[in-house]
Structures are given as C-alpha cells and as structure tokens.
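Take a look at the structure set out below.
The values are calculated or read from the model by the stated rules, or taken from the named source; none is laboratory data. Here the structure is a predicted model, which means the values were calculated and not measured. Cβ sites come from the backbone with ideal geometry, for glycine too, and all protein chains shown count toward neighbours. Side chains included, ligands, DNA and RNA excluded: accessible areas come from the protein's heavy atoms. Shrake-Rupley method; radii C 1.70, N 1.55, O 1.52, S 1.80 Å.
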Amino acid sequence: MTPTAPARRTPARRRLVLTAALLSAAALVASCSGPPRGDADRPPVQLSAGTPPARGELDSFTWASYAEPPTLDYVQAFDYPQNTVLANVCESLMRWTPQLTLAPGLAEKASNPDPTTWVYDLRPGVHFHDGTVMTADDVVYSLGRQTNPDNASAWAQVFQNVDSVTGTGPLQVTVKLKQPDSQFPQYMATAAGVVAAKAGVEAAGKDYGTSGGLDCTGPFELGAWAKGQSIELRRFDGYWGTRAKSGKVVLTFLTDPSARTNAMLTGDVDGGYLIPTESYDRLRRSGAGTLYFGEGLSTVNLNVTSMRGALGDVRVRQALSLALDRSGFVRTGLAGAGTVTGSLTTRAAWAGAPADVRTAAFEHLTPTAQDIDRAKALVKEAGAEGRTLTVATSTIGQDVSLLATAVQAAGARIGLDVRLRTIAPNAFTGLFTDPKAREGLDLFPETYYDSVTDPLDLLANFRTGAYQNYAGYSDKAYDDLVDEASAAYDPAVRGAIEAKLQQAASERLLWIPVAEWPTAVFLNKRVTGAPTTISYLYYPWAADVGAAR
C-alpha cells in the first residue's frame with residue numbers, strides 16, 4: 001500500500017494444512033516469494049533471507065522509529081510508523097510471512113467455493129487482550145469499519161468489490177463479492193484484514209487508536225504511549241500462538257537520522273528498520289552490530305500530485321525524467337544499496353508470472369539514461385520554459401532530501417524553475433491523507449512498498465478515484481484493464497494484463513520511477529531474530545526478536 005521513504009517464521013507447531021482452495025489462493029502470493037533467482041538486475045548488496053534465530057528470551061529491547069504514529073487505528077494503518085507497531089499488536093485473517101507468502105492468520109482456513117465467495121473459518125479459542133474470545137461477530141464488525149465512510153479508511157479501495165460480510169457460523173465469516181477479485185484475499189494479510197474486539201472499539205469511540213488499548217489478538221498488547229517520545233508493547237501471555245521472546249518492546253521516536261544512528265551505535269536502542277542511507281557504511285564498520293538487507297518490494301518514485309500546472313503536459317514529465325541523474329541518486333541517496341529503474345514496480349513483484357510476461361512487463365519502459373538535450377527540447381516543445389514546479393523535501397532521510405535536490409538540479413538544467421518545500425518528518429505522512437498538505441505541490445519523493453506480492457498493488461493507484469491517484473488521472477481504458485486484472489485469479493492471465501498496465505503507466509509517466517530499494521535492518525550484538533524483508537509491516541516481527549547469545 002503506500003508510503004513515504006523510510007514496507008519470523010510461522011511457528012512450526014501452528015502451521016496447518018491448507019485446503020486446496022486456500023492453496024490456490026495462496027499461490028497468488030506464494031508463487032511470488034522473493035525475487036527471481038539469477039536476475040542480473042539485483043541491488044549491489046547481499047540480500048539476506050533472515051537474521052539468525054534467537055537463542056533465548058529477553059526482558060525487553062528497544063527499537064528506533066523515525067516518526068510517531070498519528071494513530072494506531074488499523075483503518076488508518078497505511079504507513080511505516082503505524083504498521084511497524086500495529087503488526088505486533090493486531091492480527092489479520094491471513095498472514096504475510098517473512099518469505100512474502102500468504103499463510104493462515106486468525107482464519108485457520110480460507111476457501112473459495114465460487115469466484116465471488118470467500119469463506120473464512122476462524123481459529124477457536126483466540127483471546128483478545130481484554131480476555132474475551134474472538135467470534136465471527138468481531139470479524140464482521142472489524143471489516144465493516146473499513147467500509148464505513150465516516151472512518152475514511154485508507155484501505156477502502158480493497159473493499160470496493162465487497163457486497164457483504166456476514167457471520168455464517170460462530171467461527172465462520174463469508175464474504176460475498178460483486179465480481180471476482182484476485183486482490184481481496186491477498187489483502188486480508190494486511191491491516192485491511194485486522195480483527196479487533198467489537199466491544200472494545202465501540203467503548204473507545206473516537207479515541208480508538210489514540211489512547212487506551214487496541215483490543216486485538218497479537219503477541220503483544222499496547223502499553224504506555226508517551227506522546228512524542230515512545231510506545232511500549234507488553235507481551236500478551238494469553239496469545240494463541242508462539243510466545244513472544246521478549247517481555248517488553250519500547251519503540252522510541254527519533255525523527256533526526258543522526259540521532260537514530262547514534263542511538264544504535266551507543267546501544268541506546270537495539271535496532272531498527274528504515275535505516276538512514278547515509279549511515280549504512282558507518283553502521284557496517286562500527287562493530288556494534290550487523291546491518292542486513294532483505295527483499296523490500298519497494299521502488300523510489302516521484303509521485304505526481306498535480307497535473308494542473310506544467311506537469312499536465314506529458315512532455316514536461318518526460319523531460320524531467322530524462323534530466324534526472326538516477327545513478328547519482330542511487331550512489332548518494334541510497335548509498336549504493338539500490339538499482340536504477342524505469343519501472344514503477346519491482347522485479348520481485350512479478351516473480352510468479354511466466355517468463356514471457358516478465359519480459360513484456362519490463363520492455364520499452366521509461367528511459368533511465370540522462371539525455372539533457374532531448375529533455376530541453378521537450379520543455380521547449382511544451383512551451384514550459386521558466387515554468388515553476390514545487391517539490392516536497394524533508395529531513396526524514398537523505399533518500400528524500402537528495403532526491404528532491406536532484407529534481408531541482410534536473411529542472412535547472414532544462415529550463416524549469418523547481419522550488420523545494422520542506423516538510424517536517426512527523427508531517428510527511430500527512431501528504432498521503434490530507435489534500436491540504438498537498439496543496440501547491442506538484443511532486444513529492446515516495447518510496448512505495450507493495451503490501452502484497454502483486455504488481456497490481458501499485459498499478460491500481462492510477463485507476464480513476466484510487467486512493468493515491470492524487471493528480472486525478474482518469475482513463476477508461478486503463479480502468480478497464482485494472483478491472484480485468486483484478487478479476488483474474490490465474491496469475492499468468494493476470495500478469496499479462498498487468499504488463500499492459502505497466503506499459504501504459506510508463507508511457508504516460510503517471511509517476512516518475514527512480515530506483516528499486518531493498519529493506520534494511522540493523523541489530524546490535526545483543527539481539528537477533530528480526531525478519532529482513534518488508535514483511536515486518538504486517539507480520540509480528542518483534543515476537544521473533546530475542547537474545548543473540
């Protein structure tokens with residue numbers, strides 16, 4: 001699903017045999033488990049499948065977060081700060097594994113008796129943090145909150161094809177779709193599929209997610225929230241699954257990249273995701289711990305937020321793209337831990353598609369080599385010389401600030417007046433939810449992570465009215481292709497349609513692609529067990545963190 005620059009093992013004794021129907025659904029994601037092997041375009045860093053498993057338990061550990069979540073209400077859990085916390089407290093019907101595959105979650109079985117019906121059989125005896133037992137009523141209520149317009153859910157688009165959600169037994173929920181939807185079952189492993197106690201949510205009212213408990217089922221429950229400082233998670237001893245290896249987790253908000261790095265080096269925090277790229281080399285050489293890289297399903301892009309100005313002409317978008325020094329940005333902004341790309345989607349997102357589909361998806365995409373002369377000519381053809389563009393920047397990390405600066409430099413070379421607007425790290429997330437925060441902006445740097453291992457997760461953003469379609473792009477032919485891809489359960493059929501969408505988005509430069517970027521995680525010598533992949537956004541990563549010795 002979405003955000004800003006910085007997206008475990010399923011316990012063996014809890015693994016259940018999936019029904020054939022679930023396996024067919026899981027294949028949509030399972031077949032996409034990680035990057036295609038032998039790909040020559042992998043990032044120039046070693047990707048690790050995981051970190052060494054914990055050897056014992058901890059009383060507590062401390063984790064760095066680049067920003068404080070504005071809320072922990074699962075319907076608004078669309079960005080890194082919220083999901084990094086929420087993944088350990090609230091659980092979904094399905095689960096995204098560290099290998100980026102689909103597995104049972106609160107539903108021990110999912111079946112698809114016909115193309116427009118999904119039946120979820122729930123685990124018995126699952127307790128919420130308040131001690132009550134989960135029932136089908138809680139699931140119906142929790143999913144219903146996603147479709148209530150009063151909640152302005154960030155996940156509403158996931159439910160656009162849902163006709164009804166009903167309890168068809170004490171521990172069974174049936175979802176009826178308006179039309180076949182290959183994406184819906186995948187998203188039930190994200191915050192879209194979170195289940196919370198109906199009574200607890202109703203009792204909290206408008207304060208749900210901002211104070212008090214969350215009344216979910218995860219291996220940790222929400223403890224003290226010191227606003228502006230930290231969030232504490234406490235191990236939930238009534239958890240249905242494998243017991244968390246740490247009794248407590250403290251997530252500390254460190255908005256300054258240098259402060260985050262120094263805290264890791266000194267041991268004030270034990271680790272963190274979304275490592276500042278400027279700190280990669282320092283952390284590697286420090287001897288204080290280990291910096292790991294894993295599959296990120298993430299691309300760094302320039303999100304076109306307005307086409308009312310100069311960017312309304314595709315030639316200007318093309319010119320800006322041709323003038324960008326992508327290689328320079330990867331070297332500096334990503335500290336070399338990335339790959340220049342002309343694709344909005346990662347190669348790993350296509351791993352489940354046939355070879356010919358993967359080839360088609362990456363043919364004739366946005367050129368990545370600089371061509372200043374051609375860019376100047378396009379600006380002149382469009383009559384855009386001297387036109388002003390405003391780009392958001394932030395100290396959230398040099399991946400944001402240096403990309404914004406690179407855009408400004410590119411514009412200056414081809415006759416555009418690119419101006420930067422600084423956004424505070426804690427306010428950067430507002431660019432995704434608040435139209436007022438985007439007023440006057442033409443572009444902002446965005447690291448987009450896929451919330452499922454499917455390229456449609458990103459490509460559907462350009463459908464008319466889509467949540468991240470901030471520029472208001474609308475094309476019926478594109479919308480029709482999105483609908484066709486959504487309705488195709490067969491990965492090969494869907495992939496062929498998605499390849500057409502990729503080509504269309506590239507040709508029209510609806511966003512400007514820059515680079516692929518792996519996930520980074522740092523662990524000091526005291527702790528281990530955290531997953532290396534982007535799965536940490538929806539998988540209870542903290543439950544796996546324990547003593548390294």
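Data table
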{"item": "Segment S211-D434, extension gain: residue separation times 0.36 nm, minus the distance between their alpha carbons", "result": "78.1 nm"}
{"item": "Of every Cα-Cα pair in the stretch 407-462, the percent that sits beyond 19 Å", "result": "48 percent"}
{"item": "Cα-based convex hull, the stretch 146-186, per residue volume (Å³, whole number)", "result": "87 Å³"}
{"item": "Beta bridges per DSSP with both ends in the chain, % antiparallel, nearest 5", "result": "80 percent"}
{"item": "Assigned charges on the beta-carbon of Lys, Arg, Asp, Glu; the chain dipole about Cα centre (debye)", "result": "1220 debye"}
{"item": "Quarter of Cα convex hull surface for the stretch 445-549, i.e. mean projection, nm²", "result": "8.7 nm²"}
{"item": "Mean accessible surface per residue for the stretch 124-178, computed with a 1.4 Å probe while every protein chain stays in place, in Å²", "result": "44 Å²"}
{"item": "Taking the C-alpha atoms of the chain, convex hull volume expressed per residue in Å³", "result": "131 Å³"}
{"item": "Per residue accessible area of the stretch 257-329, 1.4 Å probe, in Å²", "result": "30 Å²"}
{"item": "Apportionment of accessible area to carbon and sulfur, the chain, percent (1.4 Å)", "result": "49 percent"}
{"item": "log10 of Debye I(q)/I(0), alpha-carbon scatterers only, for the stretch 508-549 at 0.17 Å⁻¹", "result": "-0.58"}
{"item": "Kirkwood estimate for the stretch 271-390, i.e. one over the average of 1/r between Cα atoms, Å", "result": "17.1 Å"}
{"item": "Translational diffusion coefficient (Stokes-Einstein; Kirkwood radius from C-alpha pairs) of the stretch 383-528 at 25 °C, 0.890 mPa s, in µm²/s", "result": "140 µm²/s"}
{"item": "Equivalent-ellipsoid semi-axes of the stretch 451-495, from the Cα gyration tensor, Å, largest first", "result": "19, 13, 6"}
{"item": "Cα centroid separation, the stretch 421-484 to the stretch 132-151 (Å)", "result": "26 Å"}
{"item": "Taking only Cα atoms of the stretch 340-436, radius of gyration then Dmax in Å", "result": "17.2, 46"}
{"item": "Per residue accessible area in Å² of the stretch 465-549, where ligands, DNA and RNA are left out and the probe is 1.4 Å", "result": "29 Å²"}
{"item": "Entries in K436/K476; K109/K245; K109/K176 that, when Cα-Cα distance is taken, lie over 25 Å", "result": "K436/K476; K109/K245"}
{"item": "Low-density loop cleavage sites - trypsin sites (Lys or Arg not before Pro) in the stretch 134-204, where at most 15 other Cβ are within 10 Å (DSSP)", "result": "K178"}
{"item": "Sites S327 and A477 - FRET efficiency at Förster radius 35 Å, r taken between beta-carbons, to 0.05", "result": "0.55"}
{"item": "The stretch 144-301 - Kirkwood radius from inverse mean 1/r over Cα pairs (Å)", "result": "19.4 Å"}
{"item": "Kirkwood-based shape ratio for the stretch 120-194, expressed as Rg/Rh from alpha carbons", "result": "0.96"}
{"item": "Total formal charge among the other residues, if their Cβ is under 11 angstrom from that of R549, Lys/Arg +1 and Asp/Glu -1", "result": "+3"}
{"item": "Under 18 Å from K178, Cα to Cα: aspartates and glutamates that are on another chain or at least 8 residues apart", "result": "D114, D163, D479, D480, D483, E484"}
{"item": "log₁₀ of I(q)/I(0) at q = 0.09, 0.10, 0.14, 0.20 Å⁻¹ - the stretch 72-215, Debye sum with one point per alpha carbon", "result": "-0.24, -0.30, -0.60, -1.33"}
{"item": "Orientation-averaged projected area, Cα convex hull of the stretch 254-342 (nm²)", "result": "7.4 nm²"}
{"item": "Scaled radius of gyration (Cα, divided by 2.2 N^0.38 Å) that the stretch 172-232 gives", "result": "1.46"}
